[in-house]
Amino acid sequence: MRESGSAASLVVIASPSAASRKRWRQGLGRMFAVHEASDQPALERSLAQLNPAVLVLDLALPTRGVARIPSIQRLSPWTKILLLADTADEKETISALKAGAKGCHSKDIDPYLLNKAVQMVQKGEIWVKRTVVPHLLGELMALTERAKQDPPASSDGRLDGLTLREREIAHLVAEGAGNKEIASQLTVSEKTVKAHLTTVFRKLNLAGRLQLALFVSEHQPAANQTRSNSADVIQGQRLAITARLDRTRQRA
């Protein structure tokens with residue numbers, strides 16, 4: 001493993017390929033401090049010890065591929081994961097986002113675009129190929145329709161394990177609010193919001209905001225939930241993601 005740079009934002013590059021790590025490191029330039037991991041144990045140590053801002057993850061490295069993302073995320077809940085895969089087709093990208101990744105692209109990404117992708121992901125935006133955008137929005141629309149048709153689920157009690165403030169933040173996330181908006185609405189700092197969300201993700205064993213939004217829509221008390229509630233939650237996430245995608249595409 002190697003580390004370079006002195007920037008405040010640390011990026012971990014994880015790939016079994018030395019050539020890929022070298023190419024991606026060059027793409028990140030002097031904007032980030034870069035730490036390399038060449039295998040699963042090194043990756044796990046890096047996340048647990050360094051808590052990087054962004055993880056650039058080669059899908060060829062983790063065993064079980066996309067399915068391993070949630071467990072990787074739990075090692076450093078606030079690290080944003082940018083997944084690089086051989087193809088990064090529509091199905092693989094949507095699966096990665098559902099698992100908690102904040103972006104997905106093919107490994108042959110141009111070094112300049114990799115730098116831009118890391119910047120966008122670090123800011124909380126989503127980075128995917130333009131060709132994937134319609135499929136991603138279509139998937140969220142399908143979730144909206146299913147939520148309208150499915151009967152409301154009863155609470156399984158896990159939300160009851162959250163504090164009042166944690167539940168407030170979870171519901172605001174489900175409505176599509178960002179950390180800055182939540183902080184303003186609750187009159188707390190963004191750092192406080194992040195700390196609460198870290199606890200929420202740990203308590204509910206979730207990997208990201210979209211998973212949390214779906215969890216809230218499915219498990220809030222039945223007495224307070226209607227079919228339209230679930231659809232509205234997903235619709236809010238769809239609009240929030242659409243806005244982020246639009247900003248990303250404008251910069252590309």
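Structural remarks
- Filter pass, A37 being small (G, A, S) and closer than 21 Å to Q211 by Cα: no
- Number of positions in region 5-23 that are of a type outside the set (K, R), surrounded by 15 or more Cβ atoms within 10 Å (Cβ to Cβ) and more than 16 Å from Q122 (Cα to Cα): 4
- Qualifying residue in region 65-77 (condition: basic (K, R) and closer than 18 Å to G100 by Cβ): yes
- Subset of region 161-179 that is more than 26 Å from I94 (Cα to Cα) and touching a helix residue (DSSP H, G or I) at 6+ places or on another chain (Cβ under 9 Å) - its residue that is modelled with the lowest pLDDT: G161
- For region 143-152, the count of residues that are more than 30 Å from T87 (Cα to Cα), over 15 Å from the mean Cα position of the chain (by Cα), buried (at least 19 other Cβ atoms within 10 Å of the Cβ) and modelled with pLDDT of 80 or more is zero.
- Residues that are of a type in the set (G, A, S) and surrounded by fewer than 19 Cβ atoms within 10 Å (Cβ to Cβ) were ranked within region 67-101; the one that is nearest to V118 (Cα to Cα) is S95.
- Listed by first and then second residue, the pairs linking a residue in region 182-204 that is assigned by TED's automatic domain parsing to the domain that holds W78 and of a type in the set (F, W, Y) to a residue that is part of a helix (DSSP H, G or I) and surrounded by 15 or more Cβ atoms within 10 Å (Cβ to Cβ), with Cβ atoms under 8 Å apart and 6 or more places separating them unless they lie on different chains, form an empty list.
The values are calculated or read from the model by the stated rules, or taken from the named source; none is laboratory data. The model shown is predicted, which means the values in this text are computed figures rather than measured ones. A quick note on method: Cβ atoms are made from the backbone with ideal geometry, for glycine too, and the neighbour counts reach across all protein chains shown.
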